[in-house]
Every structure is written in structure tokens, then in C-alpha cells.
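Below is one structure; the comments refer to it alone.
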Amino acid sequence: MDSVAEYLSLDEPDRSSHLWRYTPWRGIHPTGDVSRVPKLESPVLGLIGFDGGAVPDGISIEEGVHSDIILPGTDALTGTFLRAVTGNSQWTLRVEPEFSSEHPVILDIDAGDSASVLHLALKVGRLSDLELVTRIRGSGEWFGMLRTGDIGEGSSINDVVVSLMDDGTLLRVDSISIGRDAQVRAGTVSSGSECTKADLRYRMDEPGGSLRVLGSILAAESMHLDHHVEIHHEAPETFSRLAWHSACDGDSRTVGTGMLRVADGSTGADASQVFHNLLLSADAEADSIPELEVLEHEVVGCGHGTANGPIDEDQVFYLESRGFDPSEARRALIAAFLNTTLSEMGSDSLHDWLVGLLNSELRTPDA
Amino acid sequence: MPANQEAREVVGDYKAGWHDPENSTIRFDFGLSEEVVREISALKGEPEWMTDIRVKAYQHFVERPMPTWGNTPTLESIDFDKICYFLRSSQATEKDWDDVPEDIRNTFDRLGIPEAEQKWLSGVTAQYESEAVYHSIREDLEKQGVIFLDMDSGLREHPEIIRKWFCSVVPLTDNKFAALNTAVWSGGSFIYVPKGVHVEMPVQAYFRINAKNMGQFERTLIIADEGSSIHYVEGCTAPTYSTDSLHSAVVELIALPGAHIRYSTVQNWSANVYNLVTKRGIAHEDSKIEWVDGNIGSKLTMKYPSVILKGEGSHAEVISVAYSGEGQHQDAGAKIYHLASNTTSKILSKSISKNGGRGTYRGLVKVSPKAENCKLNVVCDALILDEDSRSDTYPTMEVANPTAHCEHEASVSKVSDNQLFYLMSRGHSEEEALAMIVNGFFEPFTRELPMEYAVELNQLMALEMEGSIG
């Protein structure tokens, strides 16, 4: 069955399904008519160096997807839909084995001003060392991105996705497999798009994998940003940390749902997840569901936590007593809150770049 | 295979697992229909409005699909056509213990109910199958206006109070099993505590299923009027059969301004009982509702005691423990709705999984946009004792007010080798050491129970831990 027929054979999920509780599929579908598989444009892709120049040898982007990994337990609906609508908009980002780059590499995605979609396969060779920033820009009404792939054994990857869409809806589905002894930091920085639905899934099915999933989410006005993160430990001695910081202003809503699943046989697994939400206005809402399924008893530890609260008025007072005006103090505290996860996403140069980005977003009147 | 051996294989070592010969005076055929619902109501001589509620609830039960979440394969295995929905074992609810039929009296004697009543209780209700068989309350409390009756008597003697509050906390459309209970409810407790009255010693209800393929659907309604307080304790057991029984209760608590209700449960159904219970309370201004909930038995428990914090300054606490052994799934948790300002809540959940058991915490904490300055704290700890067992945690937090301070933390771990080594180096066997660690893990729960229950629970856990090593 091809992807279109497969998608059309699926039922529309209802809100009793955990994944669709807060953001119904009808609200995310490009047309709202879930029985349609519309024709969508392809975005413009560019691979550039951090300084705007050429990228080093050993990393390239090519048309087509040669191997498409579907992780077990992946939501059938979004994955199938994105496969059905990508058509020719399929690309592979190839990183040669033992590739190493001193500076981050930027994958620039210009989604244009109409609805567009992309399937990007990541093929990261063994023992490679890379910082990759995927920057999504555009003013279209809808952008969909399916990222599949695998991180080769022993690699060290900082993979940061930055959403800077002017408006519209972003549907993002990640399905990434992490190889033996690979170390991955997967960062998400989201401050654009009116509505985001992200379903990010990682699997460690070989021993020694290490994963940090980090989120810095800034929501303002009536933005609705829904991120679901699943981490599957399916091999011994695997390690994961999920830290997700969301700041909500206006009448925005952020949703952070996480699932840590430790399969039987994953001895020595060490997993935890923490969601922190900062509520900045009376009409903002933050929802968190950090879930845990543990089927192995010989684990180092599995835990989760979540905390919600307002800006600490004592801290505002302290900054004001040091000469900050009230709005500056408030902005500094929001920046510090989001910086907690931002600072973990990669090297100092990447961090500086991300902080610059965050500050410019905080200076906009909406934020 | 002989029936006894088969039963042993199903339920294991369960000390309340004997059963008496069935001496019912009325027994309905298996299966549920509108006629069965009307017949139960007619048999009890209920007012028309109650019959109407039952029929509406039955219709909702039929229309409502089974839940699509939780342990759906086990839920789907419930055969509603193979359950007896009403069984009367005694013609009347007795006030004198000697008037209770001998076989039933023997059962409760073996469970220690009369002894407990004499020693440390303000009142007792003993329910056997569908209805209460014995009921008593201390005279001084009765003089102060405290009403403590089984629910059927409550409806007969105080229909105006029941009509006002029945289904006010758990509507008949709340969920499939609440609808089922509302349609076929029988027995349970009705308590009204007048303004300013403090019931110093706990009142207790004890629920016993004796017959095979039995459904027990008790309905409990507790109203604590302004500034009053009460502690209600319930226990439950059933015989060990190789076929399944269903327990589907609904409990509604109403704490009026300044009142305090504590509801303690030690659930020890045999491992062939589905325990699907809806428990919810509404807390008015400055009142307090506490659920102290222990789940040791049953095949599948789905129970999430809830509190709606409706009045400013109200407080909710849920302390729960769950033990999941072989073939058991304890899907328990708590729900708190902060609807008013300056409300506070605390949830502490502890679970242990052993011999392939599955422990699940499922919770919801919701802060509404108008609820200012709420504080809430949720802690879930789980211990997994062997490689065949499993622990899941599904907490949900929905916060729509920026002044709320919300915290949640959870951990899943195994028994620490260091703790085992320390206790064994002091002369304890590994089994004893494990039982001590488990009792210590449950201690925040047991210290909230009346002492007699705490001792009983510790003994139960020691029994469950037998054979854990080697």
C-alpha cells in the first residue's frame, strides 16, 4: 500500500489518544479537511558554514531518501501523512564517517510563503563529530518536516532545530535511532509559528548510547506550541536526560509531553525528564505530562519531574535594586530561564549564536 | 484439575480466600437489562425519582464504550453477561450482632469485625454481597444527630438529603463504570455529620463478596456539614475463585465549609476481582478532604480518588500505596482540580511491583484560570523487585494560572543493595530485610492509618514478601 492509500485508511484520532489530547489532527492538517492529501511545495534548502561560507568536505545534502527508518511505536498518522505529501521533496543529509568540524554547520530551510513540506533523512557516519543547526524560516501558512535517520556508532552530534517561522503551522516529526556509544544532544528552540505540533522520538537500541533532549520554548500572543518527546531505552547502559523549559506569555499555551520507556533487558539504564514552565500572564497555560514506563528493574535510576510557576518577584526586586527597569528585569529573568537549556545544546560559539537569537526574540514587542 | 487447586493457582496465598456456602434469599440471574435495573429498584421499594436515575444510568452504560486507555485487554475480558447484579443474603440489616445469620456472622468474626467495633470504632456497617447485614453506631453520636446508615436505609429514612446530593459529585454520565454503579447500586454507607460535630473515633464499613461471579456495587455518600469532621475506614475481601467477580463502587464526599473528611481504604480483594471504582469529593471553603488509599489485592484496579477544590482555602491530600503481585495490575492515582484561589494539595503515591505485577500511577492536577495562589505537590515513588515486573507513571499537569506553584517528581528504582547488606549484617535474613525495607517504603501511608489497620497492612505485606528471595 502506498503512503497516500495508507494514510486514507487510518481513522482520525480522537482526544482520548494521549498524543492528540491537546492538539487535534484537524487543527494541524494543512487544510483542516483530514480526508484530503493536498499537493504541497518544496522548501529551498541550503547547507552553509557558521560564518556564511562553504561547509567543509564530508558533509553534503543530496536529493532523495534511500533508507527510511520507521521506529517501532511511531505514530502512524503523522509519519504516513508526511510521507504521502512529500512527493519529490525528499533529501538526505550525509555525514561521512569520522567527519569532524570545528564550527557548527547550518542547514537553512526556507519554507517560502506557501504551504510546503520536507522529508529529511540523516545519515551520520560512525565516529563523526558535528554541530548541526537546522534553521526553519518562512512566512507560509504551513510547513511539515519529517526527519528520519540514524546516528552512527561512536559519533558525537549536537543537533539543534530552530523554528523562526513568521506565523502559520509547523508539523515536525523526528524518528532518530542512536548507535552504539554515540552521544547526541538534540535541541529545540521554538519562538515562531502560530501553532506547532512536534513528535520527537529517539531510540537507543545499542549499548552505551547517550542522549540529551533539550527544549527552549518561548510562546507569546495566542501561540499554541505542543511538543511530544519519546525516548526508548532498548539496550544496556544507555543514558538519557530530557530538560524542557517553556515560557508562556499572552494567551499562549505550551504543551510538553514526554515518554521515557525502558524496555526489558535495558540493564543499567539511566533516564530522567524534567519539564519547567514559566507562566508570564494571566491567560497563558502550560500543560505537562512526563510519563515513565519501566520494564527493567536493574536500572541506575528512572525519574521525572515538572514544575510550574510565575516569575519570582523577589528576583525582580533584586534586579530592580541593581538598576534594571521592571521590563528589563523581567526580560533578563526569562532569558536566564530559557538559557538553562540553551547553554547545554552545544559549544560556546553555538550557544552565543542561540543567545543572540533569543535576545532578539525577547526584544520584539510580542515577547 | 480440582477446583481448590485451580483457585490456588489463580489467586495464590490469600488468607481471606475462603468462602461460605451460598445461602441467598434472593438471587438474580446473570446478566443486565433494564428489567433487572427496575427490579432491583422495586425490590427495595425506592421512590420513582431514584428508579428514573437508575434507568437513565443504565442507558448511558449501554451506550458508553469501554475506556480506550489503561489495561484494555483485561478490561475487555469482563463479561457483563456472566455477573450476578443482585444477591440478598439476609432479610434485614440487623442492629444486634447476634441477630445476623450465623454463617455470615462467622465470616465477619473470622475477619475480626466485631472485635474492632468494640475496641476502637464509633460505628460499623458490614456488607455481605449486595446489602448491609449489620449496622451499628454509638449512642452518643446518634444523639448528636450523626446519621450513619447503610445507603438503602438512608434512602428510606432521609430521601430529601439523598435526593439533594446523590450524583452531585459523580454524575451518572461520568464514566462507564460510574453509570453501571448508578444503575444497579446496592448497599454502601450514608453518613451525615451535623454542623460542628467531631466524630472522634473512625467509623468503618467492611465489604465482603462471598458468591461466585458476583458484582458488588455499593454507593457511599458522606456529607460533613460546616465545621464537622469524620474519619471513615473501609476494608474489603472476597473468596478465591477461578472465575472473576466485579466490584464497581462510587463514593461521593461533600465537605461543607470548614469540614474535614478523611476516607481510608485498605483494599484486599482476592486476585480474581476487577476493582473499578470512582471516588470523588467536593471541598468547600476552608475544608479538607483526605484519601488514604491502600491497594493490595484484586486482578485489575482502576481507581483515581479525586478532589474538586471548589471553595477558597480548601485543601486536598491523597496518600496511596499499591502492591502488584503475580497477575495483578494496580492502575491507581489521584486527581485534583483547583477551581478556587488559595487552595493547596498534596499527592504521595508509592507502588511496589513483584512477580510480574504491574504498578501504574495515573494522575491529573488541574489549576483553573481563576484559581490564584494555588500550591500543589505530587510525589510518586516506585520499587520494582524483580526482572518480570513493571512500573508506569502517567502524570498530567494542566496549569492555567500564572500564580500557581506546582511541583511533581517521580522515581522508579530497585531495592538498594546497600540497605539489604546493612540489615543482613545485623542478623536478618534476606527475606526479612526485604520485608523491612518494603514496610519502610510504605511507612508514610501506614502512619496515616489507625494502628490496627497499620499492623494488619504490615502483616499482609510480610505475607506477600514470603518467598521473594531465591
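The values are calculated or read from the model by the stated rules, or taken from the named source; none is laboratory data. If you're wondering where the values come from, they're calculated on a predicted model, not measured in any experiment. Methodologically, a virtual Cβ is constructed for each residue, glycine included, from the backbone with ideal geometry; neighbour enumeration extends over all protein chains shown. Just so you know, the surface numbers come from the protein's heavy atoms only, side chains and all, with ligands and any DNA or RNA stripped out. Shrake-Rupley method; radii C 1.70, N 1.55, O 1.52, S 1.80 Å.
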inquiry  = For the stretch B:311-331, which positions are part of a loop (DSSP other than H, G, I, E, B) and within 11 Å of B:A271 (Cβ to Cβ)?
reply    = B:G325, B:E326, B:G327, B:Q328
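Would you pick out the residues in the stretch B:340-354 that are more than 30 Å from B:A435 (Cα to Cα) and not in a loop (DSSP other than H, G, I, E, B)?
First, pick out the residues of the stretch B:340-354 that are more than 30 Å from B:A435 (Cα to Cα): B:340-345.
Residues satisfying the conditions are B:T344, B:S345.
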query = Exactly one of (1) in contact with a strand residue (DSSP E or B) (Cβ under 9 Å, 6 or more places away or on another chain); (2) farther than 15 Å from B:G313 by Cβ is unmet by B:H338. Its number?
reply = (2)
query = Of the residues B:V266, B:V321, B:V273, which single one is buried (at least 22 other Cβ atoms within 10 Å of the Cβ), over 23 Å from B:V197 (Cβ atoms), touching a residue at least 60 places away in the same chain (Cβ under 8 Å) and out of contact with any Ser or Thr (no Cβ under 9 Å at 6 or more places or on another chain)?
reply = B:V266
request  = Could you list, in sequence order, all residues of the stretch B:142-167 that are under 19 Å from the mean Cα position of the chain (by Cα) and part of a loop (DSSP other than H, G, I, E, B)?
outcome  = B:F166, B:C167
task = Name the residue, out of A:A219, A:A198, that is of a type outside the set (S, T, N, Q), touching a residue at least 60 places away in the same chain (Cβ under 8 Å) and at negative phi.
result = A:A219
message = Among the residues that make up the stretch A:40-48, is at least one of them at pLDDT 85 or above, open to solvent by 40 Å² or more (accessible area, probe 1.4 Å) and over 15 Å from A:Q90 (Cβ atoms)?
response = yes
key: Lone unmet requirement of (1) farther than 30 Å from B:H231 by Cβ; (2) in contact with an Asp or Glu (Cβ under 9 Å, 6 or more places away or on another chain) for B:A435   = (1)
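Select from the stretch A:277-330 the residues that are basic (K, R) and within 14 Å of chain B (Cβ to nearest Cβ) and list them in ascending order.
From the stretch A:277-330, those basic (K, R) are A:322, A:330; that's our starting set.
A:R330, the sole residue that qualifies.
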note = Looking across the stretch B:48-88 at residues that are small (G, A, S) and farther than 15 Å from B:V37 by Cα, the single one that is least open to solvent (accessible area, probe 1.4 Å) is B:G70
request  = Please find, within the stretch A:225-252, the residue that is farthest from A:E296 (Cα to Cα) out of those that are surrounded by fewer than 21 Cβ atoms within 10 Å (Cβ to Cβ) and hydrophobic (A, V, I, L, M, F, W, C).
outcome  = A:A243
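Any idea which residue in the stretch B:365-409 is surrounded by the most Cβ atoms within 10 Å (Cβ to Cβ), counting only those that are among the hydroxyl-bearing types (S, T, Y) and within 7 Å of chain A (Cβ to nearest Cβ)?
Only one residue tops the list, namely B:S391.
Being assigned to a loop (DSSP other than H, G, I, E, B), open to solvent by 40 Å² or more (accessible area, probe 1.4 Å), away from chain A (no Cβ under 14 Å) and modelled with pLDDT under 85 is the requirement here; does B:E448 meet it?
On the way: assigned to a loop (DSSP other than H, G, I, E, B): yes; open to solvent by 40 Å² or more (accessible area, probe 1.4 Å): yes; away from chain A (no Cβ under 14 Å): yes; modelled with pLDDT under 85: yes.
For B:E448, the condition - assigned to a loop (DSSP other than H, G, I, E, B), open to solvent by 40 Å² or more (accessible area, probe 1.4 Å), away from chain A (no Cβ under 14 Å) and modelled with pLDDT under 85 - is met.
Could we say that A:D113 is part of a loop (DSSP other than H, G, I, E, B) and closer than 23 Å to A:S216 by Cα here? Spell out how you get there, then give the answer.
Values: part of a loop (DSSP other than H, G, I, E, B): yes; closer than 23 Å to A:S216 by Cα: no.
Considered against the rule, which asks whether it is part of a loop (DSSP other than H, G, I, E, B) and closer than 23 Å to A:S216 by Cα, A:D113 comes out as no.
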query = Is there a residue being assigned by TED's automatic domain parsing to the domain that holds B:L141, under 25 Å from B:Y361 (Cβ atoms), buried (at least 24 other Cβ atoms within 10 Å of the Cβ) and within 12 Å of the chain's Cα centre (by Cα) anywhere in the stretch B:250-261?
reply = yes
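Here are B:Y206, B:Y192: which of them is at pLDDT 95 or above, under 20 Å from the mean Cα position of the chain (by Cα) and over 21 Å from B:K82 (Cβ atoms)?
On the way: B:Y206 fails: at pLDDT 95 or above.
Of B:Y206, B:Y192, the one residue that is at pLDDT 95 or above, under 20 Å from the mean Cα position of the chain (by Cα) and over 21 Å from B:K82 (Cβ atoms) is B:Y192.
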message = Return the pair list, or none, for Cβ contacts closer than 8 Å from residues in the stretch B:409-426 that are over 30 Å from A:L260 (Cβ atoms) to residues that are open to solvent by less than 100 Å² (accessible area, probe 1.4 Å), at least 6 apart or on different chains.
response = B:L423/B:E432; B:L423/B:A433; B:L423/B:M436; B:L423/B:I437; B:M424/B:E430; B:M424/B:A433
Scope the stretch A:325-339; condition open to solvent by 70 Å² or more (accessible area, probe 1.4 Å) and within 29 Å of A:V160 (Cβ to Cβ); matching residues = A:E328, A:R330, A:R331
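Would you point out the residue of the stretch A:260-276, among those that are closer than 30 Å to B:T403 by Cα and open to solvent by 10 Å² or more (accessible area, probe 1.4 Å), that is farthest from the other protein chains (Cβ to nearest Cβ)? Walk me through it before giving the result.
Let us first name the residues in the stretch A:260-276 that are closer than 30 Å to B:T403 by Cα, namely A:260, A:272-276.
Still in the list and also open to solvent by 10 Å² or more (accessible area, probe 1.4 Å): A:272, A:274, A:276.
On the way: A:S272: 9, A:V274: 9, A:H276: 10 Å.
My answer is A:H276.
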message = Taking the condition of being open to solvent by less than 10 Å² (accessible area, probe 1.4 Å) and closer than 21 Å to B:S229 by Cβ, how many residues in the stretch B:158-187 meet it?
response = 1
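Sort through B:E218, B:E285 and tell me the only one that's open to solvent by 10 Å² or more (accessible area, probe 1.4 Å) and among the charged types (D, E, K, R). Outline the logic, then answer.
On the way: B:E218 fails: open to solvent by 10 Å² or more (accessible area, probe 1.4 Å).
Residue meeting the stated conditions: B:E285.
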query = Quick one: how many residues across the stretch A:144-167 are within 21 Å of A:L357 (Cα to Cα), in contact with a Ser or Thr (Cβ under 6 Å, 6 or more places away or on another chain) and open to solvent by less than 10 Å² (accessible area, probe 1.4 Å)?
reply = 3
task = Provide a single number: the residues in the stretch A:233-257 that are farther than 16 Å from A:M223 by Cα and either out of contact with any strand residue (DSSP E or B) (no Cβ under 8 Å at 6 or more places or on another chain) or among the β-branched types (V, I, T) (or both).
result = 4
task = Give just the number: which of (1) assigned to a strand (DSSP E or B); (2) out of contact with any Lys or Arg (no Cβ under 9 Å at 6 or more places or on another chain) does B:N439 not satisfy?
result = (1)
Hits in the stretch B:119-148 - residues which are at pLDDT 90 or above and of a type in the set (A, V, I, L, M) = B:V146, B:I147
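Where in the stretch A:181-224 are the strands (runs of 3 or more DSSP E), entirely inside, with at least 1 residues that are over 20 Å from A:H29 (Cα atoms), open to solvent by 20 Å² or more (accessible area, probe 1.4 Å) and small (G, A, S)? Let's see the steps before the verdict.
On the way: elements: A:183-190, A:195-204, A:210-219.
By residue number, A:210-219.
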task = Could you figure out which of (1) at pLDDT 95 or above; (2) under 18 Å from A:L338 (Cα atoms); (3) crowded, with 24+ Cβ neighbours inside 10 Å isn't true of A:L279?
result = (1)
task = May I ask you to list the residues in the stretch B:410-424 that are facing another protein chain (nearest Cβ under 9 Å) and small (G, A, S)?
result = B:A410, B:S411, B:S413
Test: residue in the stretch A:85-108 that is open to solvent by 50 Å² or more (accessible area, probe 1.4 Å), among the charged types (D, E, K, R) and touching a helix residue (DSSP H, G or I) at 6+ places or on another chain (Cβ under 8 Å) = no
